[in-house]
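Nothing in this text is a laboratory measurement; each read-out follows from the coordinates by a stated rule. Note that the structure is predicted; figures quoted are calculated from it, not measured. No Cβ is skipped: glycine too gets one built from the backbone with ideal geometry, and neighbour counts run over all protein chains shown.
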Amino acid sequence: MIIKKIQCACGSGLGSSFLVEMNVKKVLNKLGIKGIEVEHSAATDVFKGSADLFVCGKDMYDVLSKFGPCITLTNIISLPELEEKLSAFLKEKGVI
């Protein structure tokens, strides 16, 4: 699976999704992965095909998971949790 875009979403598209976007970029950089677009948005801006992977807090999973693969974070500020889950997903999809 080719991952071209990761969309981080929350209820309003401002605070937590922006924080998760920054952390996703940190993890990708740490893993040496380039060429994946990362953006943040409100959950209402998500649709099937808007991204190859969605990342959100557990409160948004039911909304976002119907549009494609979704990584759910129990603690959205936990960089180790994000790194573990994102790395596992990317390995499973053959990206790393």
Next on the checklist: It is to be established whether one or more residues within the range 17-30 are surrounded by 13 or more Cβ atoms within 10 Å (Cβ to Cβ) and of a type in the set (Gly, Ala, Ser).
Outcome noted: yes
Item to check | Residue under evaluation Glu92, criteria (1) surrounded by fewer than 18 Cβ atoms within 10 Å (Cβ to Cβ); (2) of a type in the set (Asp, Glu); (3) under 14 Å from the mean Cα position of the chain (by Cα), criterion not met | outcome: (3)
Checklist outcome for this item: Checked the range 41-96 for anything under 14 Å from Leu31 (Cβ atoms), of a type in the set (Lys, Arg) and touching a strand residue (DSSP E or B) at 6+ places or on another chain (Cβ under 7 Å); matches are Lys85
